[in-house]
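Single-structure report; data block below.
The values are calculated or read from the model by the stated rules, or taken from the named source; none is laboratory data. Source: prediction; values computed, not measured. Here the Cβ positions follow ideal geometry from the backbone for every residue, glycine too, while neighbour counts run over all protein chains shown. Please note that ligands, DNA and RNA were not included when accessible areas were found on the heavy atoms of the full protein model with its side chains. Shrake-Rupley method; radii C 1.70, N 1.55, O 1.52, S 1.80 Å.
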Amino acid sequence: MRPLVAGNWKMNGLGSGLSELSSLKEALAASPPPCDVLVCPPATLIAQADALVQGAFALGGQDCHSRPSGPHTGDISAEMLKDAGASFVIVGHSERRQNHGERDGDVAAKAQAAWRAGLTAIICIGESEAQRYAGDANQICAQQIDGSVPGGALAANTVIAYEPVWAIGTGKTPTLAEIAAMHGHIRTTLARRLGEAGRGMRILYGGSVKPDNAGEILNLPEVGGALVGGASLKAADFLSIIEGLRPS
Ligand code: PGA
């Protein structure tokens, strides 16, 4: 499957920041990317971004509620994201799991909400630093897949993002060998759980992906793209990560 490079702006970006999306659109028109490209700005900007980028790349939300509508003050449904112009939504990001107490079952319900609305779900998993040091990373990630990825997941509507919690926003990353080993383990777990769908599903790496390490990470076996936080905020950095996928 074609790789996916996805940007997660987190709680960053005002209307003035949309100029980064215009720059990205212009650059991608001048040099078509070797991958699918997605930006997940804050939900407040999706409709404006949609009008601006006009399909030059995909847009996504960073979270959704599991219900389509109702008395849930402050929440946003997958249907609302779709209506605003999104085609993807990130669910189960570690910042949601940590800051909002989301558990695997909640994440699975959000993934199903994404499909119900016609969105592709990017389901995030990843171990903490203590879990890695204890030698539990493989077991934790397999458990998160079992609990967060609903049984009916297809390669066409689901993407897995492996994001070791200790690598997010820290400048630290696992070694290339550790990333390759974990992606192989995730592939085996998905295939066991989902059969053919699990063999074809994209598995993104996320956590301190930068222009200077993207090339070597993105070219590892079973790495089907990247989920990029900080380095997605500037079009120039994000573009040079996308360029990391071109054969050298
Ligand atoms: P980072 O964030 O690239 O800033 O480490 C990645 C993410 O949280 O998706």
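Tabulated data
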| read-out | value |
| --- | --- |
| Counted charge near residue 115, where neighbours are those whose Cβ lies closer than 12 Å (Asp, Glu -1; Lys, Arg +1) | +2 |
| Built amide H within the under 5 Å cut-off of residue 228, gap 5+ | 6, 7, 8 |
| Surrounding net charge for residue 93, when Lys and Arg each add one and Asp and Glu each subtract one, Cβ distance under 15 Å | -2 |
| Relative contact order for the range 176-248, counting Cα pairs under 8 Å that sit 6 or more residues apart, in percent | 31 percent |
| Sequence-separation-based contact order of the range 148-205, relative, with Cα cut under 8 Å and 6+ spacing, percent | 56 percent |
| Cα-only radius of gyration and Dmax that characterise the range 4-243, units Å | 16.7, 48 |
| Candidate aspartates and glutamates for bridging to residue 10, where Cα separation is under 14 Å - those fewer than 8 sequence places away on the same chain excluded | 63, 95 |
| Radius 14 Å from Cβ of residue 57, net charge of other residues (Lys, Arg +1; Asp, Glu -1) | -2 |
| Rounded, prolate or oblate (a/c below 1.5 giving rounded, otherwise prolate when a/b exceeds b/c) for the range 60-166 by Cα gyration tensor | prolate |
| Calculated [θ] (222 nm, deg cm²/dmol) that DSSP helices of n ≥ 4 give over the chain, each run adding -39,500 (n - 2.57) | -12000 deg cm²/dmol |
| Heavy-atom accessible surface of the range 94-227: percent carbon and sulfur, 1.4 Å | 49 percent |
| Exposure of residue 233 as accessible area (Å², to 10), given a probe of 1.4 Å and all protein chains | 60 Å² |
